[in-house]
1. Suppose we keep just the alpha-carbon trace of chain A; what are its Rg and Dmax in angstrom?
2. If you line up the Cα atoms of the protein assembly as shown on their principal axes, what length do they span on each, largest first, in Å?
3. Just the number, please: percent antiparallel of the DSSP beta bridges in chain B, rounded to the nearest 5.
4. Quick check: the distance between the Cα centres of the range A:15-39 and the range B:1-16, to the nearest angstrom?
5. Estimate the FRET efficiency between B:THR56 and B:GLN96 by the formula 1/(1 + (r/R0)^6), using the beta-carbon distance for r and 41 Å for R0, to the nearest 0.05.
6. How crowded by other chains is A:93-104, given as the mean number of beta carbons from other chains within 10 Å of each beta carbon?
7. Report, as a whole number in µm² per second, the diffusion coefficient that Stokes-Einstein gives for the range B:1-78 at 20 °C and 1.002 mPa s using the Kirkwood radius over alpha carbon pairs.
8. Can you list the HN-Hα couplings for the range B:61-75, worked out from phi with the Karplus curve (6.51, -1.76, 1.60; θ = phi - 60°), rounded to whole Hz and with x for Gly and Pro?
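The values are calculated or read from the model by the stated rules, or taken from the named source; none is laboratory data. In this text, all values refer to a predicted model and were calculated from it rather than measured experimentally. Don't worry about glycine lacking a Cβ; one is built from the backbone with ideal geometry, like all the others, and counts go over all protein chains shown. For the accessible areas, the whole protein counts, side chains as well, though only heavy atoms, and no ligand, DNA or RNA atoms are used. Shrake-Rupley method; radii C 1.70, N 1.55, O 1.52, S 1.80 Å.
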Amino acid sequence: KAGVTQTPRYLIKTRGQQVTLSCSPISGHRSVSWYQQTPGQGLQFLFEYFSETQRNKGNFPGRFSGRQFSNSRSEMNVSTLELGDSALYLCASSSVDYLTDTQYFGPGTRLTVL
Amino acid sequence: KNQVEQSPQSLIILEGKNCTLQCNYTVSPFSNLRWYKQDTGRGPVSLTIMTFSENTKSNGRYTATLDADTKQSSLHITASQLSDSASYICVVSAGQKLTFGTGTRLTIIP
């Protein structure tokens, strides 16, 4: 079974730009969650999608948004990039419930904002 | 405030030795506790998930324990190998929320 894939793996942007990251979950998994990881804050939850609906959201500004498609693939978008958005962005897929099921993480997208 | 604290922040041990990592939490209502291993530059990999009724769970050389009364968990690594060098993250699920610890950075030296 193929694992979780994320594209692109690395991204360099400048302040004020926007970026879209993509995540393809494990086949058959319907829950996709997104996380930001920085050295100072560790892992922080962004949001979770199930069957194209956002079920839960973390404490991030509205510049961070996401969506999920009918094939469970998910994208997250960050608009008006700030230097502090530089981080590793991880997505994870779960069968149904990310709060109780095993989560499988992708390799992440390393975003650098200059 | 929901918190998950891990100790030590970093640990260096010789290959072949055992070690124990700690996780204390104050989240409620508790649903489950997970341990992840994260190699540098890669996504976390699930080691164990424990619910309230489970007090021990093993995955190969990794054994996690949970004391729901004292809200403490530990991850014991037996006969460490160089490939165990990684960050180990404790995550607690409570209500509709996941709370992450900041991790323990483990380095195994030959």
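1. Reported Rg and Dmax, both Å: 13.2, 39.
2. The Cα atoms of the protein assembly as shown stretch 48, 38, 37 Å along the principal axes, largest first.
3. 90
4. So the separation of the two Cα centres works out to 27 Å.
5. Efficiency, rounded to the nearest 0.05: 0.90.
6. So the per-residue partner count for this stretch is 3.
7. Roughly 160 µm²/s, to the nearest whole number.
8. Rounded to whole hertz, the list is 7, 9, 10, 9, 10, 9, 10, 5, 5, 8, 6, 10, 9, 9, 10.
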